[in-house]
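See structure below.
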Amino acid sequence: MDVKYNIRLVHLLLEDDLDPQRQEKSIKQVERLASHGIDYVQVWNRRWTEEPPRDNFARPNMFDVVPISPAIYGCFRSFADGAANNFTEDLDAIILCECDVKILNEDTIIDSIHKAYEATQEYGIDYFSLGSKYTLENGILQSATLEKHGDVEITNKIIGIQMIMFPQRIREYLLDVYANSPWDGADIFLNQNFMFKKKIGIFSESPTNQWSGISALEGRFRGFNHKEDNTKKLL
């Protein structure tokens, strides 16, 4: 089955990952989507090692309490730059993926992508997660169901950014908040800019997970520093 819409998938990868096998497994799966009509782009990033900026952090009182590490800022930076450099006006939607996203069923992932995009159009969803409603570490429910439309749910928040989709109509808003809003961890940043402001969608059963089994923010070696000259596009 080929993708019916003009969708770009941006795979955010790390040059010096301490566990390169998880990325290799992820790439092996995700790059196959190019043969089904997905515009697949690999973006390779350096680990972020500098002190994260304090002056425009969303929760200044928590900066030293959390604590905010270079890895957290790097994760945020990779998503912000990945969107800014790849979410073009000609697309129907963009998908951003973490470096070790795991597709649970390769035979049905194209159908899941179709359903996710069509749900953004039918139900006015602005931010759609193809990840889980539950925490990866202990299976605790994190996303409450506000509305249910078959296997598509309207939820209050998304915890986990394994594979997330944004339709074209939200492009201007998304790029504006990435450029001008106070930054935070990638998951939290998106929630603070979408909760109670935009409509968030998720599947009842997740079509993706992560090879490492931990979230990007809780993994202590998940730092990114965007490197534009190492962007690789597979057609």
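Inside the range 1-45, residues that are among the hydroxyl-bearing types (Ser, Thr, Tyr), in a helix (DSSP H, G or I) and either farther than 13 Å from GLN210 by Cβ or in contact with a helix residue (DSSP H, G or I) (Cβ under 7 Å, 6 or more places away or on another chain) (or both) make up a count of 1. Only residues that are without any contact (Cβ under 8 Å) to a residue 24 or more places away in the chain, buried (at least 18 other Cβ atoms within 10 Å of the Cβ) and under 28 Å from ARG169 (Cα atoms) were counted in the range 1-46, giving 0. Picking from residues in the range 47-60 that are crowded, with 16+ Cβ neighbours inside 10 Å and touching a Phe, Trp or Tyr at 6+ places or on another chain (Cβ under 6 Å), the one that is nearest to CYS99 (Cα to Cα) is TRP48. In the range 128-199, counting only strands (runs of 3 or more DSSP E) that sit wholly within it, the ones holding 1 or more residues that are of a type in the set (Lys, Arg) span 145-149. For the range 78-85, the criterion of a residue being open to solvent by less than 20 Å² (accessible area, probe 1.4 Å), under 14 Å from the mean Cα position of the chain (by Cα), at pLDDT 95 or above and over 16 Å from GLY185 (Cβ atoms) is satisfied by no position. Only one entry in ILE140, ILE159, ILE188 is at pLDDT below 95 and surrounded by fewer than 15 Cβ atoms within 10 Å (Cβ to Cβ), namely ILE140.
Just to be sure I understand the filter: pairs with C-beta atoms under 8 Å, separated by 6 or more residues or on different chains, first member in the range 66-92 and within 17 Å of LEU12 (Cβ to Cβ) and touching a residue at least 60 places away in the same chain (Cβ under 8 Å), second member open to solvent by 20 Å² or more (accessible area, probe 1.4 Å) and among the small types (Gly, Ala, Ser). Which pairs pass? From the range 66-92, the pairs are ALA80/ALA179; ALA84/ALA179.
The values are calculated or read from the model by the stated rules, or taken from the named source; none is laboratory data. A quick note: this is a predicted structure, and the numbers were derived from the prediction, not measured. Quick reminder, even Gly has a Cβ in these numbers, built from the backbone with ideal geometry, and neighbours come from all protein chains shown. What goes into the accessible areas is simple: the full protein's heavy atoms, side chains included, and nothing from ligands, DNA or RNA. Shrake-Rupley method; radii C 1.70, N 1.55, O 1.52, S 1.80 Å.
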